[in-house]
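Enquirer: First the structure, then my questions, so here it is.
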Amino acid sequence: MNNVMRYAMAGLFLCAGIFAGRSEATVVIGGTRVVYPAQEKEVTIKLTNQGTKPALVQVWLDTGDEHSTPTSSKVPFEVMPPFFRLDPSKGQAVRVMYSGEPLPTDKETLFWVNVLEVPPKSADDGRNLLQFAFRTRIKLFFRPAGLPGTVNGAPEKLTWKLVNGEGGKGMALQVANPTPYYVNFASVGVKVGERSIPQQEKGDKGGMVAPGGTTTFQLEGLSSRPTGDVKAQFGVITDFGAINKLEQPLTP
């Protein structure tokens, strides 16, 4: 990317940062996640402007830093076009191309796609109006070829157990992922007999567990270890954004 383009992108992001705030996105991403098979030369992300006014759009990837900028983020991908005008009711295909820099070949790697929407300046009787930008982030999973098992079979290989909650308060549910795939959750909880106990409210429900990793979910209103028939109860988000609801017994 040449210096002129970098400065232009940085300037657009800076303006958006000044005016960032609560807003309603009109530029919609065609999907809730992106899967990049390592053997593919590129993948395409479809964006659509469902609003009534044109918007300036900027797209970049990062490794998980939500404060990243197009110039500060270092990822092995190129995005074309990185920024553009999107007219009302129009669509734009954004190409994401892997540069070939080494990434793990034995597991998935997670990146994030950022879509920044900046509405046009409003002319309203010459008054000064505050313009807002809206940024959407979705996950991109870089998936090497030849990984053992399947992504759809990964949730069945998870193991779950009850552990003490944060700071020794209450109980939490811990999941271990022995597979090379990320597993994403729409919801997590336990089922005690006929009673369902969800994870504690902390922002969005769900979460994920990385390949070979563990994640712990604090449970709502469970102060001690229950007895009887206890199972993990969770919803898994597929590559296509569907939710599969599953139950599994806990490990000791």
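The values are calculated or read from the model by the stated rules, or taken from the named source; none is laboratory data. It should be emphasised that the depicted structure is a prediction, and the values quoted were computed from it without experimental measurement. Please note: Cβ atoms are built from the backbone with ideal geometry, for glycine as well, and neighbour counts cover all protein chains shown.
Enquirer: Mind listing just one residue for me: the one in the range 71-107 that is basic (K, R) and closer than 16 Å to G30 by Cα and, of those, farthest from the chain's Cα centre (by Cα)?
Expert: Here the residue is K90.
Enquirer: Do we have any residue at all in the range 17-34 that's surrounded by 13 or more Cβ atoms within 10 Å (Cβ to Cβ), basic (K, R) and at pLDDT below 95?
Expert: No, the range 17-34 contains no residue that is surrounded by 13 or more Cβ atoms within 10 Å (Cβ to Cβ), basic (K, R) and at pLDDT below 95.
Enquirer: Within the range 144-164, does at least one residue satisfy the condition of being at pLDDT below 95 and either at positive phi or in the same structural domain as P82 (by TED's automatic domain parsing) (or both)?
Expert: Within the range 144-164, not a single residue is at pLDDT below 95 and either at positive phi or in the same structural domain as P82 (by TED's automatic domain parsing) (or both).
Enquirer: Just to verify a result, which residue in the range 141-188, among those that are assigned to a helix (DSSP H, G or I) and in contact (Cβ under 8 Å) with a residue 40 or more places away in the chain, is farthest from the chain's Cα centre (by Cα)?
Expert: E166
Enquirer: Still on this model: Among the numbered criteria (1) surrounded by fewer than 17 Cβ atoms within 10 Å (Cβ to Cβ); (2) at pLDDT below 95; (3) not in a loop (DSSP other than H, G, I, E, B), which one does M208 miss?
Expert: Of the numbered conditions (1) surrounded by fewer than 17 Cβ atoms within 10 Å (Cβ to Cβ); (2) at pLDDT below 95; (3) not in a loop (DSSP other than H, G, I, E, B), the odd one out for M208 is (2).
Enquirer: Within the range 133-171, restricting attention to residues that are of a type in the set (G, A, S) and in contact with a Phe, Trp or Tyr (Cβ under 6 Å, 6 or more places away or on another chain), which residue is farthest from K231 (Cα to Cα)?
Expert: Step by step, filter the range 133-171, then rank; the result is A133.
Enquirer: Could you please let me know if G213 is exposed (fewer than 13 other Cβ atoms within 10 Å of the Cβ), of a type outside the set (K, R) and over 14 Å from F234 (Cα atoms)?
Expert: In short, no.
Enquirer: Also, quick follow-up: Considering (1) in a strand (DSSP E or B); (2) more than 24 Å from G153 (Cβ to Cβ); (3) not hydroxyl-bearing (S, T, Y), say which one R225 fails and leave the rest.
Expert: So the condition that R225 fails would be (1).
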